[in-house]
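Structure, as structure tokens:
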Amino acid sequence: MFSTSFKPASEVLTETPSFLFAPTFEHYGTATGVELFWTYVRNSLMVTFGAVLLALAVALAASFAIVRMRFRGRKGLVLVVMMAQLAPWEVMVIVMYLVARDAQLLNSIGFLTLIYFVMVLPFTVWTLRGFIAAVPRELEEAAMIDGCSRAQSFLRVVFPLLAPGLMATSLFGFITAWNEFAMVLVLNKESEAQTLPLWLTQFQSAFGNDWGATMAASSLFAVPVLLLFLILQRRAVGGLTSGAVKG
């Protein structure tokens with residue numbers, strides 16, 4: 001993909017691939033020259049970071065309650081969270097469209113962010129649950145004996161120990177929201193409210209596909225995820241494996 005994005009148009013579809021060629025940035029110019037390109041970038045960043053931050057905030061409270069508190073229906077709640085993670089969200093597209101239409105929320109970045117937040121939340125709760133369970137309860141009790149409230153003991157003692165779990169879930173949430181295509185295709189028909197996955201489809205037409213521009217756009221689309229993974233990979237990989245088996 002990266003190699004093809006730099007190839008001249010005459011070499012993109014040759015029968016014999018060439019690995020030595022004069023690189024060109026023509027395809028990147030075509031990809032970024034699309035009308036409203038920076039609007040797509042802004043919308044993707046808004047819905048992705050908004051969904052991830054909301055999911056982390058809600059999941060921290062929910063997973064702490066599941067692990068540290070005893071209440072009726074706790075095991076059932078955990079089962080519901082796991083089943084929600086297994087459900088394919090594509091089956092909800094029609095329902096979400098009807099809800100958005102009746103509430104006059106079609107072409108809304110805020111409503112799209114809310115949907116992505118709900119999509120990311122189950123995995124975030126499930127993973128953070130394992131990390132919070134791995135933190136000894138005695139650490140919180142010691143902090144409360146020293147004068148901290150329950151909230152202060154969580155913020156000062158438990159929260160700093162959750163960094164691997166937070167990074168793992170953040171990475172997963174980022175990838176999920178960044179790549180999502182079906183919801184935004186159905187709900188946001190106006191170009192000003194669309195995200196980068198729909199930008200990738202603009203290089204295909206009834207007259208053929210501009211594969212050079214498609215590869216360039218796909219490369220640009222993949223770069224943020226690759227950079228984020230390279231930055232967080234050590235903690236994220238450890239977080240995914242640890243959070244899956246603890247608790």
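The values are calculated or read from the model by the stated rules, or taken from the named source; none is laboratory data. Predicted model, so just to flag it, every value in this text is computed and none were measured. Heads up, the Cβs are rebuilt from the backbone with ideal geometry, glycines too, and the neighbour counts pull from every protein chain shown. Side chains are part of the model used for accessible areas, which takes the heavy atoms of the whole protein and leaves out ligands, DNA and RNA. Shrake-Rupley method; radii C 1.70, N 1.55, O 1.52, S 1.80 Å.
Things worth noting here:
- Subset tally (residues that are in contact (Cβ under 8 Å) with a residue 12 or more places away in the chain and part of a loop (DSSP other than H, G, I, E, B)) for the range 1-18: 5
- Members of the range 110-126 found to be farther than 16 Å from residue 181 by Cβ and within 13 Å of the chain's Cα centre (by Cα), listed by number: 114, 117, 118, 121, 122, 123, 124
- Scanning the range 102-122 for residues that are closer than 26 Å to residue 42 by Cβ and in a helix (DSSP H, G or I) yields a total of 13.
- Single condition residue 29 does not satisfy, out of (1) open to solvent by less than 60 Å² (accessible area, probe 1.4 Å); (2) free of Cβ contacts under 8 Å to residues at least 12 places away in the same chain; (3) within 25 Å of the chain's Cα centre (by Cα): (3)
- Selection within the range 19-37 - of a type in the set (A, V, I, L, M) and assigned to a loop (DSSP other than H, G, I, E, B): 20, 22, 34, 36
- Total residues in the range 35-76, condition open to solvent by less than 60 Å² (accessible area, probe 1.4 Å), of a type in the set (A, V, I, L, M, F, W, C) and over 19 Å from residue 166 (Cα atoms): 3
- Test: residue in the range 79-88 that is modelled with pLDDT of 90 or more, open to solvent by 70 Å² or more (accessible area, probe 1.4 Å), among the aliphatic types (A, V, I, L, M) and under 30 Å from residue 133 (Cα atoms): no
- Evaluation of residue 19 against the conditions (1) modelled with pLDDT of 90 or more; (2) open to solvent by 50 Å² or more (accessible area, probe 1.4 Å) shows that the sole unmet condition is (1).
- Selection within the range 112-127 - polar (S, T, N, Q) and open to solvent by less than 10 Å² (accessible area, probe 1.4 Å): 124, 127
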